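Just so it is clear, none of the values below were taken in a lab; they were calculated from the coordinates. Just so you know, these numbers come straight off a predicted model, no measurement behind them. All Cβ positions, even for glycine, are placed from backbone atoms using ideal geometry, and neighbour counts span all protein chains on display.
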Amino acid sequence: MLTFAEEILLLALDDQKGAFKPLPPQTLKLALAGAFLLELALSGHIDTDPATLRVIHTNPTANPLMDEILDRLHPSPTLHPTAYWLKEIAWDIPQMEQRVLETLVEKNILKVENHKILWVFTIRRYPMMDGREVREVRSRLRDLIESDAIPDPRDAVLVGLVHACNLFEDLFTEEELRRFAPRIRDLARLELIGREVNQAITKVSMILTESMSASISGIV
């Protein structure tokens, strides 16, 4: 089974180019931080409520990056809300995107290709081996959104993360998105951490927009 972080990363990659789709700044970092917190919550390592995030136990998870995040949460003498930890993990855990990409390469889901630009600069791309895994994720999400079924907890969590990253635009047409918008919003509200990821991304986008507007006004 893929982790939430792996599924989000697959959805965020361009199938053909092996590069990330254009997303608002910091969106992917926050989504991956939320994905790891959600894995820890579902595995019983942490518990969350609107006010605090608590570590319940520190048993290893068999995922090195997740264990590193758990170690970051555990020593804190002060209880903080989930939103605080989302930002701490997003900014302080190094190379999250790269490390998740490497796990997908190890699982033979992605391959590594190096391309030269102007015969000097090398850029790395991660095209999919056959795309089977991302097609399965997309199909699962479409089936859930198009039905009235009560979602499996993992699928409900994934809906919240995909919604926060605006990646449903790649799964549905504009007309379908308008039709399914209430269903997507309802499912995205089911889980606290997913809601916090959405709010954190919205706040970052607002801050960046205000900053750019202020810069433009200063120039004018």
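With springs connecting C-alpha atoms under 10 Å apart, model the chain as a Gaussian network and identify which of T82, T27, T173 has the largest mean-square fluctuation. Between T82, T27, T173, it is T173 that shows the largest mean-square fluctuation. For the options A156, A181, A164, a Gaussian network treatment of the chain with springs between C-alpha atoms closer than 10 Å singles out A181 as fluctuating the most. Taken over the chain, the convex hull of the Cα atoms encloses 170 Å³ per residue.
Hydropathy first: keep DSSP H helices in the chain averaging at least 0.5 on Kyte-Doolittle, then drop any whose Cα extent along the axis falls short of 20 Å, and list what survives. Mind dumping the intermediate values first?
Details: long enough: 27-42 (22 Å, 1.76); 132-146 (21 Å, -1.12); 192-219 (41 Å, 0.62).
Helix filter hits for the chain: 27-42, 192-219.
Above 19 Å lies some portion of the pair distances; for segment 71-161, what is it as a whole percent of all C-alpha pairs?
Values: 2655 of 4095 pairs.
Pairs farther apart than 19 Å: 65 percent.
Fully extending the segment from R185 to D15 would add 58.6 nm, taking 0.36 nm per residue of separation and subtracting the current Cα-Cα distance.
The stretch between I150 and R54, if pulled fully straight at 0.36 nm per residue, gains 31.8 nm over its current Cα-Cα span.
Spin-label pair H80-I123: with each label point 7 Å from Cα along the Cα-Cβ axis, the two points sit 3.4 nm from one another. Springs join every pair of Cα atoms under 10 Å in this Gaussian network model of the chain, and among L177, L104, L167 the largest mean-square fluctuation is at L177.
Per-residue extension of 0.36 nm, minus the Cα-Cα distance of K203 and R142, leaves a gain of 19.2 nm for this segment.
Which pairs in the list K111/K203; K21/K107; K87/K107; K29/K111; K107/K203; K17/K87 are over 27 Å apart, alpha-carbon to alpha-carbon? Before the final figure, lay out each step's value.
Values: K111/K203 34 Å; K21/K107 22 Å; K87/K107 29 Å; K29/K111 22 Å; K107/K203 35 Å; K17/K87 29 Å.
Long pairs (Cα-Cα over 27 Å): K111/K203; K87/K107; K107/K203; K17/K87.
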